[in-house]
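Accompanying notes for the structure given below.
No lab work stands behind these numbers, since they all come straight from the coordinates. Given the structure is predicted, the values throughout are model-derived calculations rather than measurements. Positions of Cβ are generated from backbone atoms using ideal geometry, with glycine treated the same way; all protein chains shown enter the neighbour counts.
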Amino acid sequence: MPKKRIITAIFIAIIFSAALFFLESYAFSVFSAVVIVYAGWEWARLSGLLTPPLRLLYAFFVLSILILSGYILGLAKTTPIHLDTAKVLMTWLVPWWAIALLWIQGYPSSAVLWGSRCVRGLMGLLVLVPTWLSIVILTSLDNGKWLVFVVVLIVASADIGAYFSGSRFGKNKLSPNVSPNKTWEGFLGAIIANLCLTFLLGIFLKLNLTEWLMLFFIVMATVLAAVVGDLLESMMKRHRGVKDSGNILPGHGGVLDRVDSLTAALPVFTLIFIYSSFQL
């Protein structure tokens, strides 16, 4: 793994951890909104909006939707959000990832359905807005910051497991038309890494068998969602003929290249968690 990539990863981890654990929940929501809006700037390019004014306009539109969503949820410094409203929003927004999976499986033929700039722009909203809403919802709950950290830990474990397993044993392509470097062996490595994580979390949290099984279900669903999120951005980049979404992060590319898995993992985790009685 290139030295530049490792240094950038450490820097990202430090900034994220400091923001997550030292900022108040409201401030962390604002911090996350800034990241999401910048990701919107990058998504505009993937959507075919190539000039700076158009990309800026799209990023501003993303910001406007975030502000409206926060208002609907009742996001404020001193009062809790409307959890019932949050459930309704996530119930309507998260299932879009099932459509995304079908488009990924059908690529490149599926591009006839989503290849226009307008549809790709709408896809960006369905990717980015629920990601931010998930952060707002989770951080409003008891131990909310711990929950966000768990999701990041799941995705990071999947990435590490997939990297080492895929590099060592990868032969069978997972989605050759979308991301030729990803393999079923890498996917299996992601699953195994998170089985280990589930086992360790179960011990650390002193879970009983029923709670352990619930944790296993949540973690596996989150891993599967993370893979879909990763593949969706790969499909968008392949359609545009670009390697990375941007170049702001040395060795990693753009912000979207770092959060692509989280854009699906966070909403799926949040939807399951807020409807379950499970506590972490």
On the formula 1/(1 + (r/R0)^6), with r taken between the Cβ atoms of residue 210 and residue 275 and R0 of 25 Å, the FRET efficiency rounded to 0.05 is 0.90
Ordering 198-204, 10-16, 186-192 by per-residue average of other C-beta atoms within 10 angstrom, highest first, gives 186-192, 198-204, 10-16
Helix by helix through the chain, keep the DSSP H runs that span 20 Å or more along the axis on Cα and average at least 0.0 on Kyte-Doolittle, and give those back in order. 3-22, 25-46, 52-73, 117-140, 144-169, 184-205, 209-240
Report, in listed order, any pair from 87/173; 4/182; 171/243 with a Cα-Cα distance greater than 27 Å. 87/173
For the chain, the charge dipole (Cβ of Lys, Arg +1; Cβ of Asp, Glu -1; about the Cα centre) points to a positive end, and the Cα of 162, 44, 241 closest to that extreme belongs to 241
Over the stretch 3-275, calculate the relative contact order: mean separation of alpha carbon pairs under 8 Å at least 6 apart, over the residue count, as a percent. 24
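Let me know the shape class of the stretch 75-223, please: from the alpha-carbon gyration tensor, a ≥ b ≥ c as square roots of the eigenvalues, rounded when a/c is under 1.5, otherwise prolate if a/b is greater than b/c, or oblate.
oblate
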Over the chain: helical MRE at 222 nm, DSSP H runs n ≥ 4 each giving -39500 (n - 2.57), nearest 500: -25500 deg cm²/dmol
Alpha-carbon centroids, the stretch 94-168 and the stretch 206-280: separation in whole Å: 5
R0 of 35 Å, Cβ-Cβ distance residue 82-residue 160: FRET efficiency to nearest 0.05: 0.40
Quick one: in the chain, what % of C-alpha pairs are over 30 Å apart? 27
